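Read the figures in this text as sums done on the coordinates, not as results from a lab. These numbers come from a predicted model, not from an experiment. Here the Cβ positions follow ideal geometry from the backbone for every residue, glycine too, while neighbour counts run over all protein chains shown.
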Amino acid sequence: MAILIRSRPLIRTLTNFKTITTVPFLSQEPQLAGTPPENTTPLPPNPSSGSPLYNENWRSPFAATSQSVSSSVVPLGFLRQSPAARMQAMSESLDVEGLMNLFADWVTTQRWEDMKQVFELWIRSLDRNGKPNKPDANLFNYYLRANLMMGATADDLLGLASQMEEYGLVANTASHNLILKAMFQSGEPLSWADKSVKLLERMIATGVEYKEALPDEESYDLVTGLLFKANLIDDALKYIDSALKSGYKLSMNVFNECVRSCIYSNRLDALVSIIEKCKKTDQNKGLLPPWNMCTHLADSALQADNSELAFTSLEFFVKWIVRGETVKPPVLLSVGEGLLVAALGTAGRTYNVKLLNGAWEVLKRSLRQMRIPNPESFLAKMYAHASLGQLQNAFATLHEFEKAYASSKDESAEELFSPFTSLNPLAVACCRNGFVTLDSVYYQLENLSRADPPFKSLAALNCVILGCANIWDIDRAYQTFAAIESTFGLTPDIHSYNALIYAFGKLGKRDEATKVYEHFMDLGVKPNEMTYSLLVDAHLIKREPKAALSVVDEMVHAQYKPSKEMLKKIRRRCTREMDYESDDRVEELTKKFNIRMGAENRRNMLFNLRYNMEYSG
């Protein structure tokens, strides 16, 4: 306490001060803060602001700044130099490795002009030992690439590449690829195609001793791409084959261009060979053209009846369908049914079982059990099996066809099961080996009718009847017709009667054919257009145009229109029999139905030809 009393006079002499209270109770109410003094030290800068002073001593920033400038890695004088002087300084201070690292950084920023300038300055400078700088092949390739990116032509790059010999360097694969890329980008494929081929051959020859100069995948892609642009397809295919033999992978662009060029130049067999070779290598078996190109490929193959290429296009379609089903969300791709019907027809014409089965599987996969195939698809499949001689499969397809469309009430459904039109390939196949095939088919149908469940097909029996008529065997035709009711328990339809009429008429038995017609008319079976056409043919065989015209009158009365071929046959018979009255009747029918018959001058010349025996012998 005495110390505090003695210090009071000293405290009084000071101004603007506050004493500490000696009262034990302190007020707890909040007080307003007084105004801060003007000369207070500021807070350090915010670290997140990225201030350059943060890593320095913020208590004395100016001293730190001067110290940091003096200890900087890059000299201040270098930063203040002009760009040209800076390039000169770098060219004099960097070695090969340092220049490679610098150029690698500049490639990412595309500083092509700086790269070119520094290399040219560096090549004229001396190294630390006072000797001229000598680049290696990889460093020189940076220089070539810089010139290429700055728009240098292939001639310019060839000239620069020739300078590599002055430094004792051999151009490697990357050097040649840069020159080939300049040729590819020149826009003049015809003028550079031959030079690119020579350069590629030179790479192959040099690579015998210097492996680093051998062509790689990019080399072959550039050369083949340039040849395709120049429409030199044979040469391009040659080097594609060479690339595949070397074990290289084709780029997708080159593969697509190969497919497109072969399609337009009609080199489909060569394309099949290339695709088959690609399938045999692991790195190329995944090549897949775009969907639209696959469609174009399939169309071209089917038009040319190239079954192997058609099957290859179906494989491409399957890959696309599987790929679409595996992605999320799935993309459901489908091949057009018309295209697959054409593929089935090609399989029948070229006797290709693989294409037949593949086309049907792709069709089922495309439909995804959403609906049944169209009638044309079933008919095309039956035609293909019949052409291949696979009658058992053909009749199995007919059974599926009947289950799908036999109950159809469409007006055209009747013609779907006609042995004269839709099922005619099946009827022809039944008599391919004469009565041996016919009997075999009949006994198989008879056995199937006793199976469990039984299979009874009236359409199949009608095909057998027509097959018998095709081989002029009226006895087998009549027996098969009679077995429809007696053995199979079915009722003959109009196609059954038409097949029997055709069998009688073909043998000139016009009266029997007419009786068949009268018989089913009494039974209430309605004749169709084919019935009248067969009766007309039966009368014309007997040289009776008037009877044929009477059948035409019945046909018109039944609301059917006679065809142009039918009236032509009647007119021809009228001319030969000199029946001018019937000929006038034919003219009336043509005018009534507005049918243009046309002239038959060449036929008349042959008919009126007079043979002379003077020059015989």
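How about segment 371-436: which GluC sites (Glu not before Pro) there lie in a loop by DSSP and see at most 14 other Cβ atoms within 10 Å?
Answer by residue number: Glu411.
Would you calculate the convex hull of the Cα atoms in segment 219-295 and tell me its volume per residue in Å³?
Dividing the Cα hull volume of segment 219-295 by its residue count gives 80 Å³.
Once the convex hull of the C-alpha atoms of segment 333-451 is built, how many Å³ does it hold per residue, rounded to a whole number?
Residue-normalised Cα hull volume stands at 118 Å³.
Can you pull out the chymotrypsin sites (Phe, Trp or Tyr not before Pro) in segment 328-397 whose DSSP state is coil and whose Cβ has at most 15 other Cβ atoms within 10 Å?
Tyr351
If you build the convex hull over the alpha carbons only and average its shadow over all orientations, what do you get for segment 402-467? Give it in nm² to one decimal.
4.6 nm²
Over all pairs of distinct alpha carbons, what does the Kirkwood formula give as the hydrodynamic radius of segment 384-437, in Å?
So the Kirkwood estimate lands at 11.9 Å.
Please sort 430-442, 204-216 by packing, taking for each peptide the average over its residues of neighbouring beta carbons within 10 angstrom, highest first.
The densest-packed peptide leads the list: 430-442, 204-216.
Remind me, relative contact order of segment 494-585 in percent, using alpha carbon pairs under 8 angstrom and six or more residues apart?
In percent, rounded to a whole number, it is 23.
Count the net charge of all other residues whose Cβ sits under 13 Å from the Cβ of Ser265, scoring Lys and Arg as +1 and Asp and Glu as -1.
-2
Kirkwood hydrodynamic radius (Cα pairs, Å) of segment 198-248?
After inverting the mean inverse Cα-Cα distance, the result is 11.1 Å.
Across bins of 5 angstrom width beginning at 0, how are the C-alpha pair distances of segment 467-528 distributed, in whole percent?
Spelled out per bin, shortest first, that is 4, 19, 29, 27, 17, 4, 0.
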